[in-house]
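In what follows, a structure is listed as structure tokens, so that the remarks can point back to it.
The values are calculated or read from the model by the stated rules, or taken from the named source; none is laboratory data. None of these values were measured; they are calculated from a predicted model. Note: ideal-geometry Cβ built from the backbone for every residue, glycine included; neighbour counts use all protein chains shown. We work out accessible area using only protein heavy atoms, side chains counted, and drop any ligands, DNA or RNA first. Shrake-Rupley method; radii C 1.70, N 1.55, O 1.52, S 1.80 Å.
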Amino acid sequence: MPIPSAKMRAVRYLGPNRPFELRAEPIPVPASGQVRVRISACGICRTELHLRDGLLDLGKRNFTVGHEISGIVDAVGEGVSAGRVGERVVIYYYEGCGECPECNRGAEQLCAQPKSQPGFTSDGGYADYIVVRAKNCVAVPGHLKLADVAPLGCAGSTAVHAGRMANICAGEWVVVHGAGGVGQALIQYVRACGGRVIAIDLGAEKSALALRLGAEVALDALSDPNISAQVLAITGSGADVVFELIGTTETMRQSVTMLRRRGRIVLIGYTTDTLQIHPVELIIREATLLGSVGSTLQDLHEIVDLVARGVVTSVVDRTLPLDRFDEGLEALERRTTLGRIVLTM
């Protein structure tokens, strides 16, 4: 659509169970402590589907969606060094209240009253520009493509955060149950920690990709649904860690049954389903059940460093122009992608 010179394109969330709309919006101006980023790329995350379909509703309306954002700083607000103009960045999408215990220990993703969450409660990255707190912009080395870096803002940093929570030790058997965007980063992160990865997903192509990324074993749930038995046979006594990224009652149940004594299960995938388990199953095995949401700013710094050093690869299935965002969402919903779909501006 034609955009007036003082306007920019932005894909807006108007409320649950309503389609997103591409609109012309004013180009934002950075306030004190903020920078404006000319967006180069924004990854399409399953969270956008959850917003659109009403699974995730944080109460806000009429904002720009998208939270896996990379670009170039093109303006700064008061108190921010002009030297940041031209800096290539990826954006951390939480800004906490700055006063609560969670914010004080660097866990802004757990803040109960955040000031801003780009793409969730405030304007995000399906647009030409965004303004954010200067601190939230993590510098990106020049040898990395901004389209490859964008998914690190969520998929990559979420993987690092979940991996840290699991406290992976060298030699442990680790199941990544769902090898999509976050799962692909987790496979590589676990390998970097010395873990032995069993990846589980649907279809031979996804299994082959998981093996290329470093999984020792890749199981196709389409060809053999008895996944728990396969994991037990491979590991002998069960997995030390299971990352559950799919979120159905069936896959969550499988994830519990494939766990060894004193194993850890980490729930990551948003879901409308219910985890059904008798507490005795956890008690008699002294198993640990963890939830992991988003990431800290430090997690984003770490994943950028890992990708810059070639330890982790950002897997991009395809890039699409912004006005084809619906096409990307549809492909993600059909689960036909082998990596992140990234919108480019």
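So in the chain, what percent of DSSP beta bridges are antiparallel if you round to the nearest 5? Numbers along the way, then the final one.
Values: 33 of 62 bridges.
That works out to approximately 55 percent antiparallel.
Size descriptor for the range 89-244, Kirkwood hydrodynamic radius: 17.4 Å (Cα pairs only, one decimal). The range 134-183 and the range 11-53 have Cα centres spaced 22 Å apart. For the range 24-77, the Kirkwood hydrodynamic radius from C-alpha pairs, put into Stokes-Einstein at 4 °C and a viscosity of 1.567 mPa s, yields a diffusion coefficient of 99 µm² per second. Which angle between 0 and 90 degrees, to the nearest 10, do you get for helix 181-192 versus the longest principal axis of the chain when only C-alpha atoms count? Rounded to the nearest ten degrees, it is 60.
Length gain on complete extension for the stretch LEU275 to LEU14, per 0.36 nm per residue less the alpha carbon to alpha carbon distance?
Fully extending the segment from LEU275 to LEU14 adds 90.9 nm.
Cβ-Cβ distance of GLU286 and ARG334, R₀ of 51 Å, FRET efficiency by 1/(1 + (r/R0)^6): the value works out to about 0.80. Compared with the dominant principal axis of the Cα atoms in the chain, helix 155-166 is inclined by about 40°.
By the scheme Lys and Arg +1, Asp and Glu -1, what is the net charge of all other residues having a beta-carbon under 12 Å from that of GLN113? Please list the in-between numbers first.
Working: positive: LYS115; negative: GLU95, GLU99, GLU102, GLU108.
Net local charge, GLN113 excluded: -3.
Please calculate how many Å² of accessible area the chain carries per residue, with a 1.4 Å probe and no DNA, RNA or ligand atoms counted. Walk me through the numbers before you get to the answer.
Working: 14420 Å² over 345 residues.
Accessible area per residue, the chain: 42 Å².
Excluding same-chain neighbours fewer than eight residues apart, the lysines reachable from LYS135 by a Cα-Cα span under 22 Å are LYS115, LYS145. Quantify, in whole percent, the carbon and sulfur part of the accessible surface of the chain (1.4 Å probe; protein heavy atoms only). Looking at the chain in its full context, I get 50 percent from C and S. Taking all protein chains together and rolling a 1.4 Å probe, ARG309 ends up with roughly 150 Å² accessible.
Each 10 Å bin from zero holds the following percent of Cα-Cα pairs in the chain: 6, 26, 34, 23, 9, 2, 0.
What net charge is computed for the residues neighbouring VAL342, neighbours being all others with C-beta under 12 Å from the C-beta of VAL342, Lys and Arg scored +1, Asp and Glu -1? Intermediate results must be reported in sequence, preceding the final value.
Values: positive: LYS145, ARG318, ARG324, ARG340; negative: GLU68, ASP148, ASP317.
Every neighbour counted, the sum reads +1.
Working from label points 7 Å from Cα in the Cα-to-Cβ sense, the ALA6 to ALA192 distance is 4.6 nm.
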